[in-house]
Amino acid sequence: MNIEKIKDISILLAEDEADLRESLHEYLQIFFNRIYTAECGNKAYDIYKQKRPHIILTDINMPNLDGLDMIAKIRKNDKDTKIIVMSAHSEQEKLLKAIKLHLETYLIKPIKMDELKKVLLGTVELIRKTTHRTYVTDNTYWDNSTNTLWHDSKEIKLRKMENLLLKLLFSQPNRCFAAKDIFEHLHEEKNNKEFSTHAITSLMKRIRTKLPHDIIQNIYGSGYKIVSI
């Protein structure tokens, strides 16, 4: 049975034991399109800062920077990323400390794959219900709560009309908006302004120079749309 991979949510796996890391990575590939791996806490934290994964699946005991200290660093400024801890029975004291750091849940080793699957899919569902982001590429997204566009963790500065345009397109991803509908939306406060196709095409050309990817698709004879992943 083919499983459609999860494209809108990324996961970071931090595990120092090579065999287990490889095994878990192979299993995660069944479900996720974007998976990052790290063999220690330092590398995992670096990946977290660069990629901002939605989910972190981490061992609690790792070299250099252990899972507990890594989680504590993340939680200083980030209470939203979902963190799942893997722990041995012998690490219960560390586990009790980790629970205070707003974990999604914890799993006791050896990991049961059915239990892991249930936890992961439940976490994905929770993220989808509460997230404010609409991704168009692996590292480009629109933040619906602030109406801002981000690429590689940096905001792309937009002018008023550019922002209004993207706000409209991202309000219904995958829907094609006619040029006339876009024009009326942009100039709704100016009821007597005459429709201009040239004004829309010029706006599209300008905004595309700012976008890291050609995320606005021109559907010939129909209009424009963005496609979420």
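The values are calculated or read from the model by the stated rules, or taken from the named source; none is laboratory data. Computed from a predicted structure; not experimentally measured. Here the Cβ is made from the backbone with ideal geometry for all residues, glycine too, and neighbour counts use every protein chain on show.
Looking at R34, is it surrounded by fewer than 22 Cβ atoms within 10 Å (Cβ to Cβ), in contact with a Ser or Thr (Cβ under 7 Å, 6 or more places away or on another chain) and at pLDDT 95 or above?
no
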Query raised in the report: Can we say Y36 is among the aromatic types (F, W, Y), assigned by TED's automatic domain parsing to the domain that holds V124 and closer than 20 Å to L116 by Cα?
Result: yes
Query raised in the report: Here are L166, L158: which of them is part of a loop (DSSP other than H, G, I, E, B) and among the aliphatic types (A, V, I, L, M)?
Result: L158
Report task. Filter the helices (runs of 4 or more DSSP H) completely within the stretch 54-149 down to those with at least 2 residues that are in the same structural domain as D19 (by TED's automatic domain parsing) and at pLDDT 85 or above. Result -> 67-75, 113-130
Query raised in the report: Across the stretch 9-19, which residue is surrounded by the fewest Cβ atoms within 10 Å (Cβ to Cβ) among those that are of a type outside the set (D, E, K, R) and modelled with pLDDT of 95 or more?
Result: A18
Report task. Can you work out which of the residues in the stretch 186-212 that are modelled with pLDDT under 90 and closer than 12 Å to L164 by Cα is surrounded by the most Cβ atoms within 10 Å (Cβ to Cβ)? Result -> H187
